[in-house]
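Worksheet for the structure shown next.
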Amino acid sequence: MSLVTFINCPICQQYDCSHHCVVRNSQVDNLAQQYVTLVLNVGLHQPLYVDAYYGPETWRQGLSLQPLPQLRETCQSLCVELGRISTMPLSHTLSERVSFLAKQLDSVAVFLRSLSGEPLSFTEESLGLYDVRAPKYTLDRFIECRDQLAKLVPGDGDLTARFTAYRQQFIVPSERVAAVFSAAVERARALTAMHIDLPENERFSIEYVTDKVWTAYNWYQGSCSSLIELNQDQPLYLERALELASHEGYPGHHVFNLLQERDLVSGRGWLEYAIYPLYSPISFLSEGSANYGLSLLMSQQERLEYERDVLMPLAGIEGDIVQYYQIMTLYKQLAYLDNLVCQQLTDGEIDDVRAAEMLVEFGLYTDSKAKQRVAFYRSNRSYVINYNYGEDCVREWVEKEPDSKRRWQRFEALLKRPRTASGFTR
């Protein structure tokens, strides 16, 4: 009597799939390549669109500027083909890949409409590009918060002037910014490495730049390497050192990108993750997780102690950090003002001047910071929802797990296998 051994298909785990899964997997791989090439082509029309690329260099070489109608037609064809495949019986893994690609391609289609001059409202754009509708707020919410701050901020008179004057004592002197920020990044890296297995060759460099609409930026270079740029146009406040170090570095954008490169692109050959189109659903998770990461790294008390015992001496700063934390914790509640002001500006309800005035009056911005922020709105429009609403949604998803160690596991899983907004907000 002979024994017959059945070998399951590595994709669907069935022994009788007759290689259908293998065929469909190769079809998705082919569509992934076409998707990446399409995004690279769109990037020729808008240089900021491709935030990172670490796929085959041959795919990027020899690209020529294609007319927008042609790109829209290509995008539509890919959407149709993905739709056809999605109706077939698929393994769970293939179904997730197809769903991710479909959301990303839908976003490309909306971005191409915008590039073609089609007007989109703030809400239409946020739904189309980022797969999410952020909550709406009225000025009443921010007036209430502002009134509470007025009771905490020392001094008399105009609150914005008082708040600006009060924060002056916590500005890191320009000659000490490099030491303070580098220390914050290294601390964030050490704490992250206690929970996430980072590649031995991962690395970053820091450059200090000017004349940007953003405060800091991570340019992921591939091969587990990042360039972090810190804008010097505005002063660096003490609390921003750790916030930016964790956001741009650990466990933020740097870790987000390297995990996908290592585990998905190199590990599984899923080249749809080898490109990061900035104005797409993946940014909702990227920015939200980057903002949330510091909450995992440190409790508020641990953060206060590190800033008091390490960063303040490095910066040469003295002051009542406990009181400062009370004020800045309340101040963070004004974050959603970004959405309100940007929505009204994008939808033509206010102009640049009024937008800046609202940021100064209700957000306690300095005049120069308000002007910079309005320039960011003009450049990035509804992208602002990814920071505050993205952070809230990531927090809610991760903290469904009460155990702190398992929260880290849940967080890492979210980074290593990104979901679109509708995939983890429901």
Practice problem: Could you list, in sequence order, all residues of the stretch 146-161 that are open to solvent by 30 Å² or more (accessible area, probe 1.4 Å), over 13 Å from Q326 (Cα atoms) and in a helix (DSSP H, G or I)? | Solution: R146, D147, A161
Exercise. Hey, can you tell me all the residues within the stretch 264-297 that are of a type in the set (S, T, N, Q) and closer than 16 Å to E396 by Cβ?
Key: S289, N291, S295
Quiz item: Which one of these is assigned to a helix (DSSP H, G or I), open to solvent by less than 40 Å² (accessible area, probe 1.4 Å), of a type in the set (D, E, K, R) and in contact with a helix residue (DSSP H, G or I) (Cβ under 9 Å, 6 or more places away or on another chain): R97, R113?
Solution: R97
Exercise. Take the residues in the stretch 159-202 that are in contact (Cβ under 8 Å) with a residue 40 or more places away in the chain and of a type in the set (K, R), then tell me which one is farthest from E318 (Cα to Cα).
Key: R189
Self-check item: Considering residues of the stretch 253-291 that are under 23 Å from E125 (Cα atoms) and either more than 16 Å from the chain's Cα centre (by Cα) or among the acidic types (D, E) (or both) only, the residue surrounded by the most Cβ atoms within 10 Å (Cβ to Cβ)
Solution: E287
Quiz item: Can you name the number of the only condition in (1) over 19 Å from L244 (Cβ atoms); (2) touching a residue at least 40 places away in the same chain (Cβ under 8 Å) that L334 fails?
Solution: (1)
Self-check item: Near pairs, Cβ below 7 angstrom, 6+ apart or cross-chain, from the stretch 228-241 (touching a residue at least 40 places away in the same chain (Cβ under 8 Å) and part of a loop (DSSP other than H, G, I, E, B)) to any residue that is basic (K, R) and surrounded by fewer than 22 Cβ atoms within 10 Å (Cβ to Cβ)
Solution: D233/K212; Q234/K369
Self-check item: Pair list, Cβ under 7 Å, 6 or more apart: the stretch 79-95 residue more than 22 Å from R417 (Cα to Cα), other residue part of a helix (DSSP H, G or I)
Solution: E81/L31; M88/R24
Quiz item: Has the stretch 303-314 got any residue that is open to solvent by less than 10 Å² (accessible area, probe 1.4 Å) and free of Cβ contacts under 8 Å to residues at least 60 places away in the same chain?
Solution: no
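The values are calculated or read from the model by the stated rules, or taken from the named source; none is laboratory data. Everything numeric in this text was worked out from a predicted model, so none of it was measured. Heads up, the Cβs are rebuilt from the backbone with ideal geometry, glycines too, and the neighbour counts pull from every protein chain shown. These accessible areas exclude ligands, DNA and RNA; they are computed on the full protein's heavy atoms, side chains included. Shrake-Rupley method; radii C 1.70, N 1.55, O 1.52, S 1.80 Å.
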